[in-house]
Structure formats: structure tokens, C-alpha cells
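Everything below concerns the one structure shown next.
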Amino acid sequence: MKVLVIGGTLFIGRALVASLAKAGHDVWIMHRGLKHDLGKKVGNIAADRNDADSVRSALASHRFDIVFDNVYDWERGTTAAQVEVAARAAGDRLHRYVFMSSVAAYGDGLNHHEGDALAPDDHPDLYVRNKAMSERLLFRMHQRNGFPVVTLRPPFIYGKGNPFYREAFFWDRLRENRSIILPGDGRRLMQFVHVNDLVEACMKVIDSPDTAGHAFNIANPRPVTQLEAVEAFAKAAGREAKIVRIPRDRILRAGGHPMGPKLYFGAYYDIPAITMVVNKAQRVLKFKPVEFGLGLKDTYRWYQRHSAFPKPDYGFEDELLAAAPAYVVEEF
């Protein structure tokens, strides 16, 4: 089949393109670049997915069987209207339009099932409301004319090639025998999925006969606490974690932010918990994710050879640690 991956040059997209090509599909990517490094057999379409005219013009001469819409513009946001342009421009022979959403689309709360309400249109977080509004628009298209949308809702994605400073944040500090700051009591829940498991789910939704019109939560079944996550990162690296608990309000008053630049716990890893139930994916897609510890060990091996993040600036963390002498160091 002729497959378009919107994006394709980063994290999820690279793994997905490789899997599609291996399966024998005619793979194309659409991104802003005039070329790519994904191999000669992968077609290239240059367009800014947030520019409606650019997308319509770029796709006018193509017809695709499958589209994977993976791109979100973190600087400008990607709205439901911009998603709709790509969905309508992709051609009239679509078998699946797979939209990469997020657990964030639920807005907040624990143990979400796919039928739960998504975040409202006036949610204060731009990313949350864009993902939720895009899903609602695509499912309205399905209800009105059978548009073959499938949406996937992953939580924190980990694995080789992660462009966000997340797993590597902890491994950089563990390798230098530094203390790791644990915000608050460390009990906030986190849920993960390996990038390869997410790609496998992508492949299954195009092969399974009755997935159009459905959303799927794609994640490891069991969430972990922040403390358990740090312990898992340490175990994967074969190191002991020295943990210093610092109250979250003290970190934030000092200027800390979950996305940086004064980062203290891995990019976006310290946010209120949103978790979900994955029974539907297990039942319909036969989804069987790799055990978290094993996936981390594989990722750590890649990190040792390929991590391209700049040398960390520990200045802010050192200030926090120096100002918190009463907090006991714990080793795990």
C-alpha cells in the first residue's frame, strides 16, 4: 500500500518508516525539508503541515491508502483545523488515517478508558486542547461520512532516539554519581510505552479489519510512581540512585519548571498524573508491550553509544541541593 507519514524524520516517525518499509509498503514522508536521510526508497514531500495551502498543494497529485499523522508543532501548536486540512487532502481512497494523539487528551484523571470524555475546548493547556479537539473533529468526520480514522493515545514514550531530555536526564546524573532530586513525595504516577511497541500498534491498526472509528490507549498496563521510575532508570544503568526529596513548591519557587530551562526531573516528567487502561488494545490489537525494565536496558545501551544531548548544566540543581541540607539522601 502507498503510505504517508506526516513527519517521519524524528523519534516515532523514524521507527515507523523503517517498520513500514520492511513490511514492503510504498512509504512517503511529508515534512518541511527538501530531503531526508531515510533511504532512497522513501519518497519525500516538502510541506509545512501547519500551512493549509502548502499541504493542499503538496498532496494534490498523490493518493494514499494509509496516512499516519504524527506531527505536532511544539512552537506554534497544531490545531484541529490544520489536522483537518491534511485529512481531507490525503485522497479519496484512504483505508486508514491514524492520528497520533496522547493520554493528555483526557485532560486529567486516572484509569481512563477510551470512551471517557476528552478535555474541553477551553482547557488552559494548548497541547491538551489541540489533541482533544483534533480527535473530536476526526471522529465527527467518521460519523458523517465514514472517514477511516483511528486515534492512538500513548503516555510517556521512551526508547532509542528520544528527542526529549527524559531517560537521558537521569542516566547523565547516575553516570556522574550525582544526587537525583525527587519532587515532593515521589508518588505521582507515570505511565510509559516503548517506541517500538507504539510502532507495532500502528502496524496492527492498519492490518486489523475493524479498527476504523476507534481510539486506543497504548501503554504499559501498570503505571509507576516517580520514585519507581528513578529506580528503574538506575537499575537499567547498573547504578545506585542517590535520591534527595525536595518539596515541589520549594522547587517551583526557586524557578524550576517541568520543561526547563531550569529542569529538575526530566522534561515534562513532573506533571499531575493521567493514567489509562489498555484492555481494549490488548483485546483488539493483541497488544503486548515489552516489560519496562527490559525496554530501559535496551534504551540504555543505545544511549551509551548515541546520546546527542549537550553536556548538562547542573547549576540549578546544585542550588536546590545546597539549600536543602536537612533532606536525607536515600540510596536505591
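Count, please, the residues in segment 70-100 that happen to be within 16 Å of His142 (Cα to Cα) and of a type in the set (Ser, Thr, Tyr).
1
Among the residues of segment 232-262, write down those that are in a loop (DSSP other than H, G, I, E, B) and buried (at least 21 other Cβ atoms within 10 Å of the Cβ). It would help to see each step written out before you state the result.
Our first condition is that a residue be in a loop (DSSP other than H, G, I, E, B); within segment 232-262, this holds for 238-241, 247, 254-262.
Answer for segment 232-262, where residues must be in a loop (DSSP other than H, G, I, E, B) and buried (at least 21 other Cβ atoms within 10 Å of the Cβ): Ala241, Gly256.
Considering only segment 180-218, state which residues are at pLDDT below 95 and either within 14 Å of the chain's Cα centre (by Cα) or not in a loop (DSSP other than H, G, I, E, B) (or both).
Correct list: Ile206, Asp207.
Filter segment 20-29 for residues that are of a type outside the set (A, V, I, L, M, F, W, C) and in a helix (DSSP H, G or I) and give the result.
Lys22 - this is the single residue of segment 20-29 that is of a type outside the set (A, V, I, L, M, F, W, C) and in a helix (DSSP H, G or I).
Could you please tell me which pairs satisfy a Cβ distance under 7 Å, a separation of 6+ or placement on different chains, a first residue in segment 146-169 that is at pLDDT 95 or above, and a second residue that is among the acidic types (Asp, Glu)?
Thr151/Glu135; Tyr158/Glu167
Using the structure shown, decide if Tyr269 is closer than 29 Å to Val17 by Cβ and either at pLDDT 95 or above or hydroxyl-bearing (Ser, Thr, Tyr) (or both). Spell out how you get there, then give the answer.
On the way: closer than 29 Å to Val17 by Cβ: yes; either at pLDDT 95 or above or hydroxyl-bearing (Ser, Thr, Tyr) (or both): yes.
Answer is yes for this residue.
Quick one: which residue in Val67, Val71, Val17 is buried (at least 21 other Cβ atoms within 10 Å of the Cβ), in a loop (DSSP other than H, G, I, E, B), in contact with a strand residue (DSSP E or B) (Cβ under 6 Å, 6 or more places away or on another chain) and in the same structural domain as Glu135 (by TED's automatic domain parsing)?
Numbers: Val67 fails: in a loop (DSSP other than H, G, I, E, B); Val17 fails: in a loop (DSSP other than H, G, I, E, B).
Answer to the check: Val71.
Pull up segment 216-231, narrow it to residues that are in contact with a strand residue (DSSP E or B) (Cβ under 7 Å, 6 or more places away or on another chain) and of a type outside the set (S, T, N, Q), then point me to the one that is surrounded by the fewest Cβ atoms within 10 Å (Cβ to Cβ). Even if it seems obvious, please write down each step before you answer.
Quick first cut of segment 216-231, residues in contact with a strand residue (DSSP E or B) (Cβ under 7 Å, 6 or more places away or on another chain) only: 216-220, 223-227, 229-230.
Filter once more, so that each one left must be of a type outside the set (S, T, N, Q): 216, 218-219, 223-224, 227, 229-230.
Values: Phe216: 25, Ile218: 28, Ala219: 27, Pro223: 20, Val224: 16, Leu227: 18, Ala229: 27, Val230: 24.
Looking at the filtered set, the residue picked out is Val224.
If you check Arg32, Arg76, Arg88, Arg96, which single one turns out to be out of contact with any Phe, Trp or Tyr (no Cβ under 7 Å at 6 or more places or on another chain), assigned by TED's automatic domain parsing to the domain that holds Ala212 and crowded, with 17+ Cβ neighbours inside 10 Å? Break it down into steps so the answer makes sense when it comes.
Values: Arg32 fails: crowded, with 17+ Cβ neighbours inside 10 Å; Arg76 fails: crowded, with 17+ Cβ neighbours inside 10 Å; Arg88 fails: crowded, with 17+ Cβ neighbours inside 10 Å.
So the residue among Arg32, Arg76, Arg88, Arg96 that is out of contact with any Phe, Trp or Tyr (no Cβ under 7 Å at 6 or more places or on another chain), assigned by TED's automatic domain parsing to the domain that holds Ala212 and crowded, with 17+ Cβ neighbours inside 10 Å is Arg96.
Given the conditions (1) acidic (Asp, Glu); (2) buried (at least 20 other Cβ atoms within 10 Å of the Cβ); (3) not assigned by TED's automatic domain parsing to the domain that holds Leu20, which single one is not true for Asp185?
(2)
For Asp270, only one of the following conditions fails: (1) surrounded by fewer than 17 Cβ atoms within 10 Å (Cβ to Cβ); (2) of a type outside the set (A, V, I, L, M, F, W, C); (3) touching a strand residue (DSSP E or B) at 6+ places or on another chain (Cβ under 9 Å). What is its number?
(1)
The values are calculated or read from the model by the stated rules, or taken from the named source; none is laboratory data. This is a predicted model, so every value here is computed, not measured. As a convention, Cβ positions derive from the backbone with ideal geometry for all residues, glycine included, and neighbour counts pool all protein chains shown.
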